[in-house]
Amino acid sequence: SQKIEQNSEALNIQEGKTATLTCNYTNYSPAYLQWYRQDPGRGPVFLLLIRENEKEKRKERLKVTFDTTLKQSLFHITASQPADSATYLCALEKVAGRRALTFGSGTRLQVQP
Amino acid sequence: SAVISQKPSRDICQRGTSLTIQCQVDSQVTMMFWYRQQPGQSLTLIATANQGSEATYESGFVIDKFPISRPNLTFSTLTVSNMSPEDSSIYLCSVEAVGGAGTDTQYFGPGTRLTVL
């Protein structure tokens, strides 16, 4: 099954800057990759999905890239705000063709005003 | 989107006892999932529950320890049996997004925070 690596160290940035989070996976290339946001004491909330044949996906201030050669996805938040402070999780299909997800450990983002 | 509620939101239990967690969805869904999130860790899938069939458990999780019911398309329960302090965790249910087109996008409940003494 897939193994996912996300930077476990918190990312601290200044308001207005672009935050970039990394997700690396180690096994087969998945059909798609997802990003979720999790606030303390709450369940994850779906943000974006990118398919293997897509290089980039955007939604408002969010941008996701997907490099199947590097086995990596980058998640960008432009013009970051303190309200963007949360833990961001990367998720992939757990086993090829099976409808279940495996999650990375997440990266905590702290945006300073 | 789907709105998911869980009961209880939190509980403190004695070792050796069992707790049943309820998950209610505001729409009919085929697949429901149960996850565990231990302190500082990411989500680990416990099992997938489809209505009308036995739940499918992931490696390391067994039915005797985590029995699951799925009586209809809007409701499921997860029981944590014979609890030990190692079961202290947040338990989350989720459902597959309607029209997900095979993408497994999921909606999550708020979680149940369990502490076992």
| query | Among (1) within 14 Å of another protein chain (Cβ to nearest Cβ); (2) open to solvent by 30 Å² or more (accessible area, probe 1.4 Å); (3) more than 13 Å from the chain's Cα centre (by Cα), which single condition is A:Leu70 missing? | reply | (1)
| remark: Note on the range B:1-54: residues outside any loop (DSSP other than H, G, I, E, B), open to solvent by 80 Å² or more (accessible area, probe 1.4 Å) and within 25 Å of A:Gly104 (Cα to Cα) are B:Arg10
| query | Given the conditions (1) more than 17 Å from B:Gln106 (Cβ to Cβ); (2) surrounded by 13 or more Cβ atoms within 10 Å (Cβ to Cβ), which single one is not true for A:Tyr88? | reply | (1)
| Breaking point among (1) surrounded by 17 or more Cβ atoms within 10 Å (Cβ to Cβ); (2) more than 9 Å from chain B (Cβ to nearest Cβ), for A:Glu56 | (1)
| query | Is there a residue being out of contact with any helix residue (DSSP H, G or I) (no Cβ under 9 Å at 6 or more places or on another chain), more than 26 Å from A:Ser105 (Cα to Cα) and either in contact (Cβ under 8 Å) with a residue 12 or more places away in the chain or not aliphatic (A, V, I, L, M) (or both) anywhere in the range B:82-92? | reply | yes
| Residues of the range A:80-101 satisfying the condition of being at the interface with another protein chain (Cβ under 7 Å from one of its Cβ atoms) and either out of contact with any Gly (no Cβ under 6 Å at 6 or more places or on another chain) or modelled with pLDDT under 95 (or both) | A:Glu93, A:Lys94, A:Arg99, A:Ala100, A:Leu101
| the range A:61-94, residues that are assigned to a loop (DSSP other than H, G, I, E, B) and farther than 26 Å from B:Phe33 by Cα | A:Arg61, A:Thr68, A:Thr69, A:Leu70, A:Lys71, A:Thr78, A:Ala79, A:Ser80, A:Gln81, A:Ser85
| task | Answer yes or no: is there a residue in the range A:26-34 that is within 11 Å of another protein chain (Cβ to nearest Cβ) and within 20 Å of B:Gln41 (Cα to Cα). | result | yes
| In the range B:1-52, what residues are of a type in the set (Val, Ile, Thr) and within 12 Å of the chain's Cα centre (by Cα)? | B:Ile4, B:Thr20, B:Ile21, B:Thr44, B:Ile46, B:Thr48
| query | If you check B:Pro67 against the conditions, is it touching a residue at least 40 places away in the same chain (Cβ under 8 Å) and either buried (at least 20 other Cβ atoms within 10 Å of the Cβ) or more than 10 Å from chain A (Cβ to nearest Cβ) (or both)? | reply | no
| query | Hey, any hits in the range B:96-103 for a residue that's within 14 Å of the chain's Cα centre (by Cα), at the interface with another protein chain (Cβ under 8 Å from one of its Cβ atoms) and open to solvent by less than 50 Å² (accessible area, probe 1.4 Å)? | reply | yes
| remark: Residue pairs within 7 Å by beta carbon, gap of at least six or interchain, first lying in the range A:24-49 and without any contact (Cβ under 8 Å) to a residue 60 or more places away in the chain, second open to solvent by 60 Å² or more (accessible area, probe 1.4 Å) and aliphatic (A, V, I, L, M), listed first then second, are A:Arg37/A:Val45
| task | Identify, from the list B:Tyr91, B:Tyr107, the residue that is at pLDDT 95 or above, within 16 Å of the chain's Cα centre (by Cα) and among the aromatic types (Phe, Trp, Tyr). | result | B:Tyr91
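The values are calculated or read from the model by the stated rules, or taken from the named source; none is laboratory data. Every value quoted in this text rests on a predicted model; they were computed, and no experiment measured them. Every residue, glycine among them, receives a Cβ derived from its backbone with ideal geometry; neighbour counts consider all protein chains shown. The protein model used for the area step is the full one, side chains on, heavy atoms only, and it has no ligands, DNA or RNA in it. Shrake-Rupley method; radii C 1.70, N 1.55, O 1.52, S 1.80 Å.
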